[in-house]
Amino acid sequence: MKSILIKIAKVTVPLSVGIYLLWFFFHQMEEEQLKEFYNAIYTANYWWIILSLVLSYIAFVIRAERWKLTLEPIGYPTKFKNRYHSLMVGYIINLTIPRAGEASRSVMLLRSENVPFAKSFGTIISERIVDMVFLGSIVVTTYFLNIGNFELILESIQSTFGLQKDSSFRLYLYLVFGIFTLILLLLFFFVPKFKEKMTQFITGLFSGIFSIFKMRQFGLYFFYSILIWGLYILYFYVCFLSIPETTTISFNTVLLAFIAGSVGIVFTNGGIGAFPLLIGIVIGIVEKDTITNAQAIGNALGMIIWSFQTLLVILLGVISLFILTKSYGKASSGPIIE
């Protein structure tokens, strides 16, 4: 019963936060701003948005191809279609349960290619580490290009969401983490079956994580990573060309909005509420002297980007889920070689 409640909470709590932020997103705008918001949405040039979706799709394809490079060194050549469909199922799961998509990717690859869960999950962790390095590099670069604006945006976000430093909350998190760790250690040392399963899982996990150091084509992996993040920024940038008021916005501001949007995606399920709100805050602060009703225009742009990207992920994810479930029975008992 308790585990069921925890699973329900994992879905409902972030979703509830997202729905609240979506309500707050519209509630914060005055009547004049709402008019500007809807007008920007109605008059936007959606051919640029379609181009952004094509660029996103190419990034998904390259990400699925990059995954192959870490699976092969640990002895699991896999078919592109199964890697791609597993990836897209993971994305759609992330829309309902934040960060659960990574585990779903491994489950889908296990069912379609018989790659052990722990090993494929380890390769995903190494992939996430590489992605964090790239995102971190973008954040650092953007910070030095926009030091003044960066501080203003952080203050505005803190004020908007009511974020304050709470040492007691931090202490509570440390306490929960400590108790959880203690329970795992007790189970590991005093329950033999648990120890055996955990040992197997950890061994497979680290095998997947360190697969990145076994690659013969590390240069290609790095090249794919540059392409992926380049496409992410490019798809985001071309959306700015869809609204006349944002076509002349500097690339530095685009990077600031890109980082804010990335934070929004982590903050709630697929960025619901948070993504357009944060982009509106960025444009509202940085472009307040150059764009009339800058925040309303930023809100419109953020809503357009979030809505179409979410619809794309849902469409591709549902298609991939349908295709993968059809192929479960065709999986062999060992690694599948193309």
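To put it simply, the accessible area of segment 38-93 at a 1.4 Å probe is 68 percent carbon and sulfur. Label-to-label distance, Lys81 versus Ile226, with points set 7 angstrom from Cα along the beta-carbon direction: 3.3 nm. Scoring 241-250, 220-229, 83-92, 127-136 by mean Cβ neighbours within 10 Å over their residues and listing the highest first yields 83-92, 241-250, 220-229, 127-136.
Nearest 0.05, what FRET efficiency do Lys326 and Leu34 give at R0 = 45 Å with Cβ-Cβ as r? Using R0 = 45 Å, I get an efficiency of 0.50. Quick one: pull the percent of accessible area on segment 215-296 belonging to carbon and sulfur, 1.4 Å probe, ligands and nucleic acids left out. In segment 215-296, the share of accessible area belonging to carbon and sulfur is 64 percent.
The values are calculated or read from the model by the stated rules, or taken from the named source; none is laboratory data. Keep in mind that this is a model prediction, so the values were computed, not measured. All Cβ positions, even for glycine, are placed from backbone atoms using ideal geometry, and neighbour counts span all protein chains on display. Note: accessible area is taken over every heavy atom of the protein model, side chains too, but ligands, DNA and RNA are not part of it. Shrake-Rupley method; radii C 1.70, N 1.55, O 1.52, S 1.80 Å.
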